[in-house]
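The values are calculated or read from the model by the stated rules, or taken from the named source; none is laboratory data. A quick note: this is a predicted structure, and the numbers were derived from the prediction, not measured. All Cβ positions, even for glycine, are placed from backbone atoms using ideal geometry, and neighbour counts span all protein chains on display. To get the accessible areas, we keep the full protein, side chains included, count just its heavy atoms, and leave off ligands, DNA and RNA. Shrake-Rupley method; radii C 1.70, N 1.55, O 1.52, S 1.80 Å.
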Amino acid sequence: MPSNLRRVFSSAVGTKLLIGLTGLALFVYLITHLAGNAIIFFGQDAFNGYAHALISNPLIIVIEIGLLLVFLIHIYKTVTMWIANQAARPVRYAQKERAGHTSRKSLASSTMIGTGLLTLLFVLIHVKQFKYGTFYLVQGPEEVRDLYRTEIEVFTQPIWVAFYVICTLVVGLHLRHGIASGFQSLGLDHPRYTRRLVTWSLIGAIVIAGGLASIPVWVYLMK
């Protein structure tokens, strides 16, 4: 069974299926991540309380490992599929032209590998700054990490605010095509609701990108 399963997910169809599944799983994570980070709008105590509840969850390590595996599988399968597609078409087109109004080709779909790799770089920097960044403690009934203070320190610097806004817009561009493409890979794309799916993909990308970008901007303006 393991060898059969490996053959299935190594095929072109299986690869697209894995990319779709892991991509949509990461989209769901981004929604929860945005909801958690938005608690910063309610002040230091609320945000630190949320952060403490999160890291003190006994399942957090298992969740983080699972999330890391999903992320790595998504990257690996996407890159290997892109390399295979490039190898299958060794001769580039002499001139690129518009595909026409019936095509779903767009800036987002044409830059998926680039925006994906930039997102990877962004995630690494983000994790370094906040998960493994400056560690402050808040004194009280129990000592908790003052993650609120860490965020304030980072986002009172204009260069980091600009960096995060640009990177979240890149994430949004990636999601613009990725959400609809993920459903398509799962066979959930149908002419009856394709346009609606594309619209919801755009809305989801705007919500995630706009929501994540609003946090550093808000912190900078308020502080």
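So the values come out like this:
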| quantity | calculated |
| --- | --- |
| Segment L169-F135, length gained on full extension (0.36 nm per residue, minus Cα span) | 9.4 nm |
| Correct option for Cα extents along the principal axes in Å [calculated from the coordinates] among (i) 67, 40, 29; (ii) 45, 40, 35; (iii) 62, 45, 35 | (iii) |
| Calculated on alpha-carbon atoms, Rg and Dmax of region 143-223 in Å | 17.0, 55 |
| Under 13 Å from the I60 label point (7 Å along Cα→beta-carbon), backbone N, region 137-175 | 143-148 |
| Inter-site label distance for S110 and A12 at 7 Å from Cα along Cβ, in nm | 2.3 nm |
| With every protein chain in place, the chain: carbon and sulfur % of accessible area (1.4 Å) | 68 percent |
| Rounded to 10°, Cα long-axis angle of helix 12-37 versus longest principal axis of the chain | 20 degrees |
| Cleavage-rule hits (GluC sites (Glu not before Pro)) in region 99-169: DSSP loop, at most 15 neighbouring Cβ within 10 angstrom | E142, E143 |
| Prolate/oblate/rounded call for region 15-63, Cα gyration tensor, a/c under 1.5 rounded | oblate |
| Modelled label reach - I39, point 7 Å along Cα→Cβ, region 135-158 residues with backbone N closer than 20 Å | 135-155 |
| Per residue value of the accessible surface for the chain (all protein chains in place, 1.4 Å probe), Å² | 65 Å² |
| Calculated from backbone phi, Karplus (6.51, -1.76, 1.60) coupling profile of region 144-149 in Hz, x at Gly/Pro | 10, 6, 8, 5, 4, 5 |
| Helix axis angle, 112-130 relative to the chain longest principal axis, alpha carbon, degrees | 20 degrees |
| On Cα atoms only, tilt of 44-55 relative to the major axis of the chain in degrees | 60 degrees |
| Computed helical MRE - 222 nm, the chain, DSSP H runs ≥ 4 contributing -39500 (n - 2.57), nearest 500 | -25000 deg cm²/dmol |
| Nitroxide proxy distance, nm - points 7 Å out along Cα→Cβ at R145 and A162 | 2.9 nm |
